[in-house]
Amino acid sequence: MFITEIQLKNFRNYHDLLIYPQKDINLIYGKNAQGKTNLIESVYLASTGRSHRAIKENQLIKEGENGYLIKIKGIKDDIPFSLEIKYIKGEKRQIKINGLLVSKLGEMIGVLNTVIFSPEDLQIIKQGPSERRRFIDILISQTSSTYFYKLQKLNRIIKQKNAVLKKYQHKELTDLLDVYNNKLEDISYEIIKERVKFLEETEKHFNIFIKKLSNNNETGEIKYISSLGFTREEIKKNIHNNIKNEIKNKMTLYGPHRDDFTIFINDKDVKFFGSQGQQRTSVLALKLSEIEIIKEKTGYFPVLLLDDVMSELDLSRRKFLTESILTRQTFITSTEKKNYSQFLDKTTFYHVSQGIVEQR
Ligand SMILES: Nc1ncnc2c1ncn2[C@@H]1O[C@H](COP(=O)(O)OP(=O)(O)OP(=O)(O)O)[C@@H](O)[C@H]1O
Ligand SMILES: [Mg+2]
């Protein structure tokens, strides 16, 4: 799977961009604040439906303009595909796959698979549970639109349940709460099951990468933390038992929307006990695992997006990463052209300056 054309109109600082990326390494270089990350962001958005820098849709529109367009063409199994996202202020986002309008975002997911490496990745380790849920949810969604729809359903149910909890005073809404709790029970069970399965698979790769990256000195483990438990009985019981507390707090406190996972290096929670280096290695191993999972589940090697990450890695980790990407389509951003001389023959250079890209 690879991208052959990227077209942007009024996206971030791009007024009108058209480039034809090459099959191997595409190095986007230029000074700070010129549009390197914006370009990576547009590809990621076309792949997952979301920006990797969690923001509002309006922020993606070029200042002073009324809407943006992202158009990406590529080839998958020798067959061309195209993806188009068009957004106009105040309107619903329009998505076209191979020129045809689709009604659901979920239909777009999986057409183009990407794995992004960016400085923000460290937040998966350092920040709260929502960053980790985002990681696992995007990973599973890229391989299964069914899962993506389940997440949407979960969010709908929680919203409805919260609305009831806000109004709940005496016993008059108990039946309605029961209805939502039953729905929550089913969907929670399915989402938790899927996340656990994926994390187990991620852990297998993760542990291998951790061992390789630490010269066999370290082991890696990943454990899912469920606020409701894992079996149907546990989930049912916990939803039921906690309802008083939820009524008091006027919101849904327990469910997959509150869950988390913990990463252990040598049996210690890397968030609290890991060194900077161990945390960075963990992120790298997690991302490399993501590539493996997507490859396994979809049969396609994802397009890699490396946003300014090389400068953050030491020599051995950088070598490890470049060795894993050398054969696939990769977009790399950097402020320096010279850092990448080691794979010159495979690299196409693009210079970015104030939203203008020139192939060099
Ligand atoms: N909606 C928007 N409209 C116009 N310009 C925007 C918009 N959003 C961001 N920008 C501009 O885009 C530029 C930042 O682009 P980007 O993040 O891609 O920089 P970069 O080349 O990756 O820089 P760095 O090397 O610092 O990471 C900034 O100048 C910012 O003001
Ligand atoms: Mg940047």
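The values are calculated or read from the model by the stated rules, or taken from the named source; none is laboratory data. Note that the structure is predicted; figures quoted are calculated from it, not measured. Note that we place each Cβ from the backbone using ideal geometry, even for glycine, and neighbour counts take in every protein chain shown. These area figures cover heavy atoms from the full protein model, side chains too; ligands, DNA and RNA do not enter into them. Shrake-Rupley method; radii C 1.70, N 1.55, O 1.52, S 1.80 Å.
Checked against (1) surrounded by 14 or more Cβ atoms within 10 Å (Cβ to Cβ); (2) farther than 17 Å from T174 by Cβ, E233 meets all criteria but (1).
Taken as a whole, the condition of being free of Cβ contacts under 8 Å to residues at least 60 places away in the same chain and assigned to a helix (DSSP H, G or I) does not apply to H257. When the test is whether a residue is within 16 Å of ligand 2 (Cβ to nearest atom) and touching a residue at least 60 places away in the same chain (Cβ under 8 Å), G49 does not pass it.
Each row is one residue, and each column tells you yes or no for (1) touching a helix residue (DSSP H, G or I) at 6+ places or on another chain (Cβ under 6 Å); (2) over 24 Å from M310 (Cα atoms).
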{"position": "N26", "(1), (2)": "no, no"}
{"position": "A33", "(1), (2)": "no, no"}
{"position": "E41", "(1), (2)": "no, no"}
{"position": "G49", "(1), (2)": "yes, yes"}
{"position": "R53", "(1), (2)": "no, no"}
{"position": "L69", "(1), (2)": "no, yes"}
{"position": "K76", "(1), (2)": "no, yes"}
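Would you check which residues across segment 331-360 are open to solvent by less than 50 Å² (accessible area, probe 1.4 Å), away from ligand 2 (no atom under 16 Å from the Cβ) and at pLDDT 85 or above and list them? Matches in segment 331-360: T347, T348, F349. Of all residues in segment 178-190, those that are closer than 16 Å to M251 by Cα have Cβ atoms under 6 Å from Cβ atoms of residues that are among the polar types (S, T, N, Q) and modelled with pLDDT of 95 or more, 6 or more apart or on another chain, in Y180/Q160. Here K56 meets each of (1) away from ligand 2 (no atom under 16 Å from the Cβ); (2) open to solvent by less than 50 Å² (accessible area, probe 1.4 Å); (3) farther than 25 Å from F349 by Cβ; (4) within 20 Å of the chain's Cα centre (by Cα) with one exception, condition (2).
Just checking: which of the helices (runs of 4 or more DSSP H) contained wholly in segment 123-230 hold 3 or more residues that are touching a strand residue (DSSP E or B) at 6+ places or on another chain (Cβ under 7 Å) and open to solvent by 20 Å² or more (accessible area, probe 1.4 Å)?
On the way: elements: 129-143, 145-167, 174-213.
Those helices (runs of 4 or more DSSP H) span 174-213.
When Q276 is tested against the conditions (1) over 19 Å from N155 (Cα atoms); (2) modelled with pLDDT under 95; (3) open to solvent by less than 40 Å² (accessible area, probe 1.4 Å), the lone failure is (3).
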